[in-house]
1. Under the condition of being of a type in the set (Lys, Arg) and either crowded, with 21+ Cβ neighbours inside 10 Å or in contact with a strand residue (DSSP E or B) (Cβ under 8 Å, 6 or more places away or on another chain) (or both), which residue from the range 123-149 is farthest from Gly445 (Cα to Cα)?
2. Which one is surrounded by the fewest Cβ atoms within 10 Å (Cβ to Cβ), of the residues in the range 554-572 that are closer than 13 Å to Ile411 by Cβ and hydrophobic (A, V, I, L, M, F, W, C)?
3. From the residues in the range 541-553 that are assigned to a loop (DSSP other than H, G, I, E, B) and in contact with a helix residue (DSSP H, G or I) (Cβ under 9 Å, 6 or more places away or on another chain), which one is surrounded by the fewest Cβ atoms within 10 Å (Cβ to Cβ)?
4. Please find, among Leu6, Leu12, the residue that is of a type in the set (A, V, I, L, M, F, W, C) and touching a Leu at 6+ places or on another chain (Cβ under 8 Å).
5. How many residues does the range 534-570 hold that are among the β-branched types (Val, Ile, Thr) and either more than 19 Å from the chain's Cα centre (by Cα) or in the same structural domain as Arg143 (by TED's automatic domain parsing) (or both)?
6. Given the conditions (1) buried (at least 24 other Cβ atoms within 10 Å of the Cβ); (2) over 15 Å from Thr554 (Cβ atoms); (3) hydroxyl-bearing (Ser, Thr, Tyr), which single one is not true for Thr466?
7. Can you tell which of Thr379, Thr367 is under 30 Å from His75 (Cα atoms) and not in a strand (DSSP E or B)?
8. With respect to Trp372, determine if the residue is of a type in the set (Phe, Trp, Tyr), surrounded by fewer than 16 Cβ atoms within 10 Å (Cβ to Cβ) and within 28 Å of Leu513 (Cβ to Cβ).
Amino acid sequence: MRVRSLTTEAYLHLIRVSRRLAPASMWIKGAQVLNVYTKSWQSSHVVTAGERIAYVGEKEPMVDEHTEIIDATGHFLVPGYFEPHAHPFQWYNPYSLADFALQRGTTALVSDTLMLMNLPFEQVKAIMESLDAHPVKQYFWGRLDPQTGKDHPQFTREGLTRMLEHPLVIQGGELTNWPGVLAEDEKLLYGLKHTRDLGKRMEGHHPGASAETLNAAAAAGITACHEGITAQDLLQRLQLGMYATMRHSSIRPDLPELVKGWLELGLPWSPRMMLTSDGSTPPMHRNGLMDGTIRVAIEAGMPPEEAYVMATLNPAVYYGLDAEIGGIAPGRIADMLLLTAKDDPTPVVVFANGQRAAQNGELLVPTVEPKWEDYSFPTVDVLEDRASADWFRLRPIEGKTPVLHMLNAVITRLEMEELPVDEEGFVTIKDDPELALIVSVDPVGRRRSLAVLRGYGRDLQGLASTYTASGDWVVIGRDPEAMMVALERVREIGGGVVLLDAGDVACECPLPLAGKFSAAPMDEVISMAEALIEKIRGKGHIHLDPLYSILFFTATHLPYARLTADGIVDVKTGHIVVPSLPLT
């Protein structure tokens, strides 16, 4: 793990400032300081030397004309927040997320790299190392499988090795292919063991897992899981030596019930608990990042001190970084937040690396400008053909039609049903406004998988998206002509999501980077996503997050049936239930 080294001169200066033999760089006085190690508030002077904290206590420091003196009377000072489980590709990108995080007081991120895995490793490495220069501390995790059922050149034994051994990669996972582990897949077991041999953490993904499954996961090297959806789930993970991460995301807003359930158990809050926003789609970030998550925890009944510790010290300890970050103590990097109240976690001032980095939500320091032109994301559109309405017409198979039922935002169950057909023998859904056609298009293999979808909305004319887990295109709608027009418009704008209504484009959201994310700042991306979701909600969508639904229709790590380039797959067995068809 990469530690920010000190020059000999800076090291001596840090000690001398602590001893009041040299002038401080910054002196914050008058604040109530949260001591995360004792979970108590103390009226203390906080003194910095360069980017590190030199002293916390009652004595006033030596100052000179260069010392920045901050009167924080009436305010509260807490450590910078730590997001231990970020997915920085939900329309936004790792750079825009880091900027937004800094504005809202999150000064450390551990991020997924899955959406980068279609790049050569040298480019993935370049992106990670460029982000290392951001004021927000950036760490990453290395995936062991691609979640799509497709072979991928990065997910080889050699690819896993070079990713896991990079010093900015501090954990493996999150491991979603648990059936592969049970089948003793050689590559997965190698990744698990190599992560363990490197002394790095391994994140699990075990929703609804039994005690027996969790035992096996812990034995295999899983050290934390964020998939607990009840207080009893949290307790099981803790009892087996795992860290239990409580999440509040756009797809799983579980935190209030987890907090209330834990209070009902009457157990003490564990130092092995953490908080995460788990890759929420943009609209949820209207409420911030970790500051918003902490607020939810406090409002649900968690003591503020516990919430701050779960979002600062606990993840720092888990990742072995607590000598660097996670607390306001001598020797630590001066990442600190000035709050107006104990129960208001959104900071008025953010200090990062000993500098005033943001104030009232505005950045005050330069960050990192991405050079997207340096990276060879695969072309979103490799087809020369124009889309045809015939791509979106479905014939029954021996009188039965595959119907995907949305049980919630991301779980789909397949039923073979008798549906009416028109005079040409195609399935017709005109008499049931709750139904739509759904088609995944593989532009590389030139194949399409088709089904009827129940549960995405009513009277949805046409929606097309390149924002999918697999990289295939997903098109949903009741009118094949409108579906064709929506897909053609997505191709024209270079990727993204387009919604057609009443024959016109009702909303379009360009995502030109790999067809999945935008180079725009977070505020613009939030507004763009909110506009689309408002339109989809207007069509009767009732599930938690319609954007995650689109993303996961082609993700093979979720039950029960998924669309793939080969056809509709039964996730449990891995069998293709309904084969795909050629485009022509």
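The values are calculated or read from the model by the stated rules, or taken from the named source; none is laboratory data. Everything numeric in this text was worked out from a predicted model, so none of it was measured. Reconstructed Cβ throughout: ideal geometry from the backbone, glycine too, with neighbour counts over all protein chains shown.
1. So the residue we want is Lys137.
2. So the residue we want is Leu558.
3. Out of the qualifying residues, it is His543.
4. Leu6
5. 5
6. (2) is the only condition that Thr466 fails.
7. Sole residue among the options that is under 30 Å from His75 (Cα atoms) and not in a strand (DSSP E or B): Thr367.
8. Yes: the conditions hold for Trp372.
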